[in-house]
Amino acid sequence: MKLRIITLSLLLTFAGFGTANAQDPKAQSLNELLRLVEQGRAGENRENRTREQEFRNNQANQQRLLNEAEARKRAEEQRSVRLETEYEENEERVAVQTEAFEKRLGSLKELFGVLQQVSGDTRSFLDDSLTSAQYPNRGEFLTALAAKMGGSAELASIEEMERLWFELQREMTESGKVAKFQADVVSADGSTETRDVVRVGAFNLISDGKYLKFEGGRVTELPRQPGQARFVDSTSDLVTASSGMVPFALDPTRGSILAAYIESPTLQERISQGGLVGYIILGLGALGLLIALERLISLTLASGKVSSQLKSNKPDKGNALGRVLMVAENNPGIDREALELKLGEAILKEQPSLNRGVGFIKIISVIAPLLGLLGTVTGMIKTFQAITLFGTGDPQIMAGGISQALVTTVLGLVVAIPMVLLHTVVASRSKRIVHILQEQSAGIIAERDEGGNA
């Protein structure tokens, strides 16, 4: 009896749980529970029948879809076979047409290959040619022609081949002309202005007495012009000339020699490379040159006066020989030894003025090469220091020390050699005058001796 009551309680509990979930009222008795169970079974049967019907309907629909997919597959397979057949037939026709094309092309194939190569080479040549400054945008056609000839399916037309021939012929013709035209010129300061430009063949461009260069499709002034005036003067003459022959400094390398020439340092730049030692050498050289010139002028005038005194019997104290002769004239009664001493003293008084500055010129001639050697050693020290810090990868880092080493040596020799020559000339002139004084003094003493013996 207890088991039956527990079972009924569990059934009521489950029935209450199920009806609560189904939003139905709870069973209050066994009859209600039985009724609810029957109703649930009937609903489940209806749902099962509905699902079975849907499954049967879907099964029929799936069969229809399967049949349609298989039909499409068969159609695509047939289409694939047909396309493969057409592809093979097209391949055969292409091969036949290609063979016929090759036979008809014959030797023209080599011609078009050469045409393509010539188009590319001509484009690169015209890009750097000075004639392109007068006839711009010629390379675009050649680029298109070379690209067109790159494929074998398309050939160049007769008009295109004639134009290529025309461009080559025009380049050859213009390279032998001196032409004047207007072009936009970029000045050294960066400004652009339209000028009259003269083109000398394919070698040089000039305007307003200045050399120009053509680079990157632009005409620009050279950052530096040639230092020698004869080169610049020749450009002005050529610009203003209308006919006849005009001397002109032509660069046959189309700018290479001119570019290298303007990069060479000027005299002032060379001197500045010598540094402080170089300026000291030049200062001593200038000082020695001034002293040498002063000595040459003074000794030349003194030598002329002495020569005039040799021709005169009356002593003149305005020259060295006259002052020496006046010593003998002012002391007529003294003995030979006293006269000889007085004449020697007079000659010694004249020697400082005659030899003044000669020794300094000699010192400069000796010091100048030593200073040059000092600059050389200093420059080499700088070079080795640069090598120690930065290595030998960049020659420009070592260029300063090498320039000082070489320039100071040159400056020392340039100053020393003229100083040696000037010292020789000045010393010889001074010795000549002193020799005349000594000769005349000896003559006066000899005359006194002859007079005393008589």
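Every number in this text was worked out from the coordinates using simple rules, so none of it is lab data. Remember, it's a predicted structure, so these values are computed and weren't measured experimentally. Backbone-built Cβ (ideal geometry, glycine too); neighbour counts: all protein chains shown.
Of the peptides 438-445, 316-323, the ranking by mean beta-carbon count within 10 Å, highest at the top, reads 316-323, 438-445.
Here E269 and S187 are evaluated by their C-beta separation; at R0 = 22 Å the FRET efficiency comes out at 0.45. Subtracting the Cα-Cα distance of D128 and S428 from their residue separation scaled by 0.36 nm leaves 101.6 nm. If the chain linking R356 and M326 were pulled fully straight, counting 0.36 nm for each residue of separation and taking away their Cα-Cα distance, it would gain 8.5 nm.
Near L406: Cβ cut-off under 14 Å, other residues only, Lys/Arg at +1 and Asp/Glu at -1. The net charge is +1.
Taken about its Cα centre, region 242-316 carries a charge dipole of roughly 460 debye when the Cβ of each Lys and Arg holds +1 and the Cβ of each Asp and Glu holds -1. Quick one: which of K362/K431; K349/K431; K314/K431; K180/K210; K317/K362 span more than 19 angstrom between C-alpha atoms? The answer is K314/K431; K317/K362.
Pairwise inverse Cα distances across region 242-373, averaged and inverted, put the Kirkwood hydrodynamic radius at 20.4 Å. Sequence-ordered 3J(HN,Hα) estimates for region 156-161 from the Karplus curve with 6.51, -1.76 and 1.60 and θ = phi - 60° stand at 6, 7, 5, 5, 5, 5 Hz, glycine and proline given as x. Computed extension gain for N45 through D335, at 0.36 nm per residue and net of the alpha carbon distance, reaches 86.4 nm. For A446 and K317, a Förster radius of 25 Å and the Cβ-Cβ distance give a FRET efficiency of 0.60, rounded to the nearest 0.05. Please find the FRET efficiency linking F141 to T388, where r is the Cβ-Cβ separation and R0 is fixed at 60 Å, and quote it to the nearest 0.05. Given R0 = 60 Å and the Cβ-Cβ separation, E is 0.60.
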